[in-house]
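**Student:** Shown below is the structure under consideration.
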Amino acid sequence: MKKNYSYIGITFVILIFGIWAVPKIVDHFSEPDMAVIGEVPPFNFTNQNGNAISNSDYSGKVYVAEFFFTTCPSICPIMNRNMVIIQDEFYGNPNLGFASFSIDPAYDTPQVLKQYAENYKITSPNWHLLTGDKEEIFKLANEGFNLYVGEASEVEGGFEHSGFFALIDQDGKIRSRYDENGNPVIYYDGLEAEGIAMLIEDIKKLL
């Protein structure tokens, strides 16, 4: 009986393609539908324990970043109480981290940051309160994250800064959900319960 080699060949090609394509299809549908806003530039600062912390310490982790200062009389206490809510929601998960960059490093020494961490019940070993060169921190905020920080002598506390949180994935990319019109939200409101709920949902997508 004569075999239909063309049919066998086509079947073989389909089978091989299927074996190759299935993982790709699975990967595609398993990826969260989230925008990539940018990439966090290299940084190297000192945390509340006096340890040097850089991007590599967050490699392979999802993390949330903010810019604050310990003597902030307005939005920082709200931001960090909300960040603690996120910490507690994922407590014990080694794959989630936090980066709190002080914009007043002259005052916010590691010792001051350590006391602040104790006051706010910051207990995650992956939550680093960071201090260092002010120009580098300002550049990281304004150019790296596009989250405004600046000195303002006329403002109580002497600094202005954003109340938003940034969400970063395991590869160091800033991520965001899309709104109902298909536009990236970009950052998460660190002052409102709705923003914190959205951030918790999106952290779960990335983990």
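The values are calculated or read from the model by the stated rules, or taken from the named source; none is laboratory data. Values in this document were obtained by computation on a predicted structure and should not be read as measured data. With ideal geometry, Cβ positions are generated from the backbone for all residues, glycine too; neighbour counts draw on all protein chains shown. Remember, those area values only see protein heavy atoms, side chains included, never the ligands or the DNA or RNA. Shrake-Rupley method; radii C 1.70, N 1.55, O 1.52, S 1.80 Å.
**Student:** Restricting to lysine pairs 8 or more places apart or on different chains, what number in the chain have Cα atoms under 21 Å apart?
**Tutor:** Working: Lys24/Lys205; Lys61/Lys173; Lys61/Lys204; Lys61/Lys205; Lys114/Lys134; Lys139/Lys173; Lys173/Lys204; Lys173/Lys205.
Going through the chain pair by pair, I get 8.
**Student:** For the chain, what does the helix formula give at 222 nm: sum of -39500 (n - 2.57) over DSSP H segments with n ≥ 4, over the residue count, nearest 500 deg cm²/dmol?
**Tutor:** Values: 5 runs with 70 residues, N = 207.
So the helix-based figure for the chain works out to -11000 deg cm²/dmol.
**Student:** Loop by DSSP (not H, G, I, E, B), at most 12 other beta-carbon atoms within 10 Å: where is the longest site-free stretch of the chain for GluC sites (Glu not before Pro)?
**Tutor:** Working: sites that count: Glu154, Glu156, Glu180.
Answer - 1-153.
**Student:** Could you please put Ser54, Ser153 in sequence from largest to smallest accessible area, using a 1.4 Å probe? Please report the intermediate quantities before stating the final value.
**Tutor:** Working: Ser54 25, Ser153 120 Å².
Final ranking, largest accessible area leading: Ser153, Ser54.
**Student:** List the relative contact order of the range 87-207 as a percent without decimals, with contacts defined as Cα pairs under 8 Å and 6+ residues apart. Each step should come with its number before you reach the end.
**Tutor:** Values: 129 pairs, mean separation 20.9, N = 121.
Reported as a whole number, the value is 17 percent.
**Student:** Express in Å², to the nearest 10, the accessible area of Met34 obtained by rolling a 1.4 Å probe over the protein heavy atoms while all chains stay in place.
**Tutor:** Surface open to solvent at Met34 totals about 10 Å².
**Student:** Once the principal axes of the Cα atoms of the chain are found, what is the range along each, listed largest first in whole angstroms?
**Tutor:** 92, 38, 31 Å, listed from the longest principal axis down.
**Student:** When only the heavy atoms of the protein chains count and the probe is 1.4 Å, how do Thr123, Thr131, Thr109 rank by accessible area, highest first? Can you show the working numbers first?
**Tutor:** Values: Thr123 80, Thr131 10, Thr109 50 Å².
In descending accessible area the options line up as Thr123, Thr109, Thr131.
**Student:** What do you get for trypsin sites (Lys or Arg not before Pro) in the range 57-165 restricted to DSSP loop and a cutoff of at most 15 other Cβ within 10 Å of the site's Cβ?
**Tutor:** Values: sites: Lys61, Arg81, Lys114, Lys121, Lys134, Lys139; in loops: Lys61, Lys121.
Of the trypsin sites (Lys or Arg not before Pro), the ones in loops of the range 57-165 whose Cβ has at most 15 other Cβ atoms within 10 Å are Lys121.
**Student:** OK, next. Please calculate the 1.4 Å probe accessible area of Val40, with all protein chains present, and give it to the nearest 10 Å².
**Tutor:** 10
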